[in-house]
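Here is the structure we will look at.
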Amino acid sequence: MPHSRSLPLSFLRSSLVTGLALAMSGPTMAEGGLDYSMPEMAPESESGYTEKPGWASERFAVATANPLATDAGYQVLKAGGSALDAAIAVQMVLTLVEPQSSGIGGGAFLMHYDGEDVAAYDGREMASHEASETLFLDDEGEPMEFLDAVVSGRGVGVPGVVRMLESAHDAYGQLPWAELFEPAITLAEEGFPVSERLNRLLAEEEHLASDPLAARYFYNEGEPVAVGDTLKNPALAAILRKIAEGGSKAMHTGDIARDLISRVQERTQHDGVISIEDMAAYAAKERQPLCTEWREWEVCGFPPPSSGHLTVMQILGIQEQLDEVEEPLVDGTPSQDWLHGFLEASRLAFADRGKFIADPDFVDAPGGDWTNMLDPLYLSGRASLIEEQSMGSGGAEPGNPGSMSMAWGIHPQQPEYGTSHISIIDESGNAVAMTTSIEQAFGSRIMADGGTGQSGGYMLNNELTDFSFTGEDENGQPIANRVEPGKRPRSSMSPTLVFDLESGDLVASLGSPGGAAIIHYTAKALVAIFDWGLDAQEALDVPHAVTLGGPVWLEEGRFPEETLQGLRERGHEVSEQELTSGLQAIRKTDSGYFGGADPRREGTVMGD
C-alpha cells in the first residue's frame, strides 16, 4: 500500500481551553531530541457539548482526548519524533490527566502505517492462566452482579499497553524510549490543573473512594479535588521513571508487578487471580490487519479480539446494499430514513458479533476466515432482511457467514464502557490510530502505586468484565467470548486508517471511545466524511444514534421530535440519552490535513 505525506495543526481550541498558550511560541524543532516544556493552560471545560472549530495544518498533526496529551505529542513531533513516538508520550500523559479512561494499567489496539504497510499491534489485557469459566459466578453458581464484578480484583486483566508500545517502538520509534516519558514525568512531578470534567466524574463516582490510595489522591475529606487545583502524582512519576529506564520489564516484573498483584489479590471481596507469572509472561501480539474495500476507499481496522472493524464494516456493507436514501442528512442531522437503515443494519451486525467474535487464539473464524463476515453476497442476504418496519428488540438473529454452521451460543448482553482514542500523522507520513482503555470510568476503582508508598499511582482496568459471565447459553452451547485461561476478552475498539483505493494514499486516521457504541460512532464518522463530504470536525459534530440489538438511543436534545416519532412508527423503541463519544479524526486535504475533536469531550488537535 503506497504512502501519504505529513500533517500538523498549530493552534489549540480557545473555545474549550481558555488561557492556552500552546499555539504561541511553542517548542521549536529540537536538534538534540525532546526538550519538553510545560504549557501554560487553564483547566479544560467539563463534558457536555462545546462547539469546536476544527484545525487545519500542512505537515503533521496529533489529535487526543486532552489538551496536555495533545501538546505532549505535538512537542515530540516537533522534536523529530515519529507518530509512534508521539503516541507513547500521549499515552503516558493520559495515564496522568485522564485516569478515568486509559493508562498503563490497561490495554490498547494500535494501527500503524509506515508509508508502505499497515501493522496492527495487540496490547489487549489477558486473563490469568488460573482463570476459568467460573470467574464471574457467585457461590451459588449464578452470574455476579455486573458492578460487583467491575469493582473487584476479578475484573482486572493483565495490562498490555506498555509492552505493546515497546514492541511497536522497536519497529517504528525515532527518539529514545526514555525521552518519551519526560512530558508525563514532568507533569506528574510539577502537577496539572484539575479540569471540570475530572472533578465532575469524581463527584459522581460512588466506589472510587473505597480504595485507600484513590481516596487519598482524588479526594480531600471526602470532597473531590477542586477545579483548577494543581494535582501532583509523585508515585506515577516514580513508576514512569522505572519504565523509562527499564522498559516494559520494569512494568511486568519487580516492584511494580508485585504491587499490582497485591492490589488485585487483596480486595476484601472477590479477589482476583492474576499472578506474578502472568505478568511476566504477557506478550504483545502483532496481528494481521483487516483491510476492506468500501466504495472508493480501503478501510483498515483491527481484527479479533476486537469486534470493531468487522462490525463497523458489516453495518456499512449492509447499508450499501439498501436503496439509496434521497436525503440522508437534513440540516446536519441524520434523517429518519437513513437512521432506519443504519439501525437495522446495526441489529444484524451485532447479532453476528454476539455469536462469532472472540479471541482468535481460542476461536476459529466462520469458515476459517473473518472476511467471510464481510462477503458482499452474505451482506446482501442480510440486507434483504431489512423491511419498512423494524425487527425490534431481539428480532435480529445471527447469520451463517461460513461454509458450515458454527456451534456457538449467543453472548448475553452486558454493559461495555470506557476508553480514549489517539490519531497522529507525522511529517514523514507515518500514521497511528490507537484506541486505549481501562474499560469503565476509573476501571476497577483499584489504584496501584508501584510499591513506592507515595501519593497517587495509576488505575487498574476491569477489562475482564468484557467476557461473557457465563460459559454457555441457555441451550448449553459454549459462548465464544467466555472466560478461558490466558484469553483476551472481546473488544469494540475500532482504530481506523483509511486509504484511497486507487492510489493507495493514506487519507484519514480516526476512532472513538464509548464501549460497544464505539462501533456506531466510528461507522457514522466514516459515512459523514466519505459519503456526505463533511470535514473532520463537521463529521464528529453529527448527532449519534445507537442500538445494540434492543432499544434505540438517540443523542439527547439533538434530533427533532418528528424523527423520534417517525422511528417509533416504524417499530423502534426510542429514547434519548447522553451519548458521550470521544471521536478524534485527521483527514487529508488538498493543502495538508484537517483535524477534528469530539465536541462532547475536552479533546484538541495540534500541528504545523
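What the table shows:
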quantity	calculated
Top-ranked residue of segment 465-495 - restricted to ones that are of a type outside the set (Gly, Ala, Ser) and in contact with a helix residue (DSSP H, G or I) (Cβ under 8 Å, 6 or more places away or on another chain), ranked as farthest from Ala517 (Cα to Cα)	Val483
Members of segment 74-112 that are closer than 30 Å to Gly504 by Cβ, over 18 Å from the mean Cα position of the chain (by Cα) and not acidic (Asp, Glu)	Tyr74, Val76, Leu77, Lys78, Ala79, Gly80, Gly81, Ser82
Whichever residue in segment 178-193 is closer than 17 Å to Tyr458 by Cβ and of a type outside the set (Gly, Ala, Ser) and, among such residues, is surrounded by the most Cβ atoms within 10 Å (Cβ to Cβ)	Leu180
Qualifying positions in segment 564-600 - assigned to a loop (DSSP other than H, G, I, E, B) and within 29 Å of Ser102 (Cα to Cα)	Glu578, Leu579, Thr580, Ser581, Gly582, Leu583, Asp598, Pro599, Arg600
Condition met for Gly549 (in contact with a Phe, Trp or Tyr (Cβ under 8 Å, 6 or more places away or on another chain), under 24 Å from Glu98 (Cβ atoms), of a type outside the set (Asp, Glu) and modelled with pLDDT under 95)	no
Whichever residue in segment 213-244 is among the aliphatic types (A, V, I, L, M) and in a loop (DSSP other than H, G, I, E, B) and, among such residues, is surrounded by the fewest Cβ atoms within 10 Å (Cβ to Cβ)	Ala226
Any helices (runs of 4 or more DSSP H) falling wholly within segment 245-347 and containing at least 2 residues that are closer than 30 Å to Gly571 by Cβ and not hydroxyl-bearing (Ser, Thr, Tyr)	308-320
Unmet criterion (only one of (1) in contact (Cβ under 8 Å) with a residue 24 or more places away in the chain; (2) within 22 Å of Gln440 (Cα to Cα); (3) touching a strand residue (DSSP E or B) at 6+ places or on another chain (Cβ under 8 Å)) for Glu556	(1)
Residue within segment 449-456 that is assigned to a strand (DSSP E or B), crowded, with 24+ Cβ neighbours inside 10 Å and modelled with pLDDT of 95 or more present	no
Ser591 among the polar types (S, T, N, Q), surrounded by fewer than 24 Cβ atoms within 10 Å (Cβ to Cβ), in contact with a strand residue (DSSP E or B) (Cβ under 9 Å, 6 or more places away or on another chain) and in contact (Cβ under 8 Å) with a residue 60 or more places away in the chain	yes
Breaking point among (1) surrounded by fewer than 18 Cβ atoms within 10 Å (Cβ to Cβ); (2) more than 17 Å from Ser82 (Cα to Cα), for Met144	(1)
Evaluation of Ile315 against (1) at pLDDT below 95; (2) over 24 Å from Pro478 (Cβ atoms); (3) crowded, with 24+ Cβ neighbours inside 10 Å (one fails), failing number	(1)
Of residues in segment 539-585 being in contact with a His (Cβ under 6 Å, 6 or more places away or on another chain) and surrounded by fewer than 21 Cβ atoms within 10 Å (Cβ to Cβ), the one nearest to Val330 (Cα to Cα)	Glu555
Whichever residue in segment 109-118 is surrounded by 16 or more Cβ atoms within 10 Å (Cβ to Cβ) and out of contact with any Leu (no Cβ under 8 Å at 6 or more places or on another chain) and, among such residues, is farthest from Ile276 (Cα to Cα)	Asp114
Any hit, segment 168-177, residues being surrounded by fewer than 16 Cβ atoms within 10 Å (Cβ to Cβ), touching a strand residue (DSSP E or B) at 6+ places or on another chain (Cβ under 8 Å) and at pLDDT 95 or above	yes
Residue selected from segment 261-312 under the condition touching a Lys or Arg at 6+ places or on another chain (Cβ under 8 Å) and at pLDDT below 95, by the criterion surrounded by the fewest Cβ atoms within 10 Å (Cβ to Cβ)	Asp271
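This table checks each residue for (1) within 28 Å of Asp71 (Cβ to Cβ); (2) at pLDDT below 95.
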{"residue": "Arg490", "(1), (2)": "no, no"}
{"residue": "Lys524", "(1), (2)": "no, no"}
{"residue": "Glu538", "(1), (2)": "yes, no"}
{"residue": "Gln577", "(1), (2)": "no, yes"}
{"residue": "Ala585", "(1), (2)": "yes, no"}
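Okay, residues lined up against (1) touching a residue at least 60 places away in the same chain (Cβ under 8 Å); (2) in a helix (DSSP H, G or I):
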residue	(1), (2)
Pro513	yes, no
Thr522	yes, yes
Val527	yes, yes
Leu534	no, no
Gln537	yes, yes
Leu548	yes, no
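The values are calculated or read from the model by the stated rules, or taken from the named source; none is laboratory data. Quick caveat: nothing in here was measured; it's all calculated off a predicted structure. No Cβ is skipped: glycine too gets one built from the backbone with ideal geometry, and neighbour counts run over all protein chains shown.
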